[in-house]
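To keep things clear, I will list the structure first and then write my remarks on it.
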Amino acid sequence: MRARAAIVIPVKHGDGRWFGAARARARARREPQVVLRYGEPCNGSVDDIAGICNERGNVFGLMPHPEHAVDPLLGSADGALILASLVDAARERALSVV
């Protein structure tokens, strides 16, 4: 298995974290709902979940702040990758409806 490159995105919070009842945690592990995980524990998020979507895949909750990492002058441009992928996914979904 190839190692993934680390993406650097500011957390910028101390209390925003994912949590859920035992049933929600089990479903998130079983279904492909976890989109992003923190590289290391940073805020108490269950299973280090940083981004998760609903079962239909049309609602995405994201705790880090990619909008604060869109230019190397800000310390990282990795947030632009996430934002661009969100735009691409929305465009593909909109075009498939037409």
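The values are calculated or read from the model by the stated rules, or taken from the named source; none is laboratory data. What you see is a predicted model, and the numbers here were worked out from it, not measured in a lab. Backbone-built Cβ (ideal geometry, glycine too); neighbour counts: all protein chains shown. These accessible areas exclude ligands, DNA and RNA; they are computed on the full protein's heavy atoms, side chains included. Shrake-Rupley method; radii C 1.70, N 1.55, O 1.52, S 1.80 Å.
What's the total number of residues in segment 17-27 that are closer than 12 Å to ASP48 by Cα and either open to solvent by less than 80 Å² (accessible area, probe 1.4 Å) or part of a strand (DSSP E or B) (or both)?
Kept after step one, since they are closer than 12 Å to ASP48 by Cα, are these residues of segment 17-27: 17-19, 25.
Subsequent filtering for residues that are either open to solvent by less than 80 Å² (accessible area, probe 1.4 Å) or part of a strand (DSSP E or B) (or both) retains 18, 25.
Of the residues in that region, 2 qualify.
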Would you check which residues across segment 67-83 are out of contact with any Gly (no Cβ under 7 Å at 6 or more places or on another chain), open to solvent by 50 Å² or more (accessible area, probe 1.4 Å), at pLDDT 85 or above and in a helix (DSSP H, G or I) and list them?
PRO72, LEU73, LEU81, LEU83
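Give segment 36-66 a look and list any residue that's of a type in the set (Asp, Glu) and open to solvent by 50 Å² or more (accessible area, probe 1.4 Å), or say none.
If we filter segment 36-66 for residues that are of a type in the set (Asp, Glu), which is where we start, we get 40, 47-48, 55.
Selection gives GLU40, ASP47, GLU55.
Scan segment 89-98 for residues that are open to solvent by 70 Å² or more (accessible area, probe 1.4 Å) and assigned to a helix (DSSP H, G or I) and jot them down. Let's see the steps before the verdict.
First, the residues of segment 89-98 that are open to solvent by 70 Å² or more (accessible area, probe 1.4 Å): 91-93, 95-98.
If the condition is that a residue be open to solvent by 70 Å² or more (accessible area, probe 1.4 Å) and assigned to a helix (DSSP H, G or I), then ARG91, GLU92, ARG93, LEU95, SER96, VAL97 are the ones that fit.
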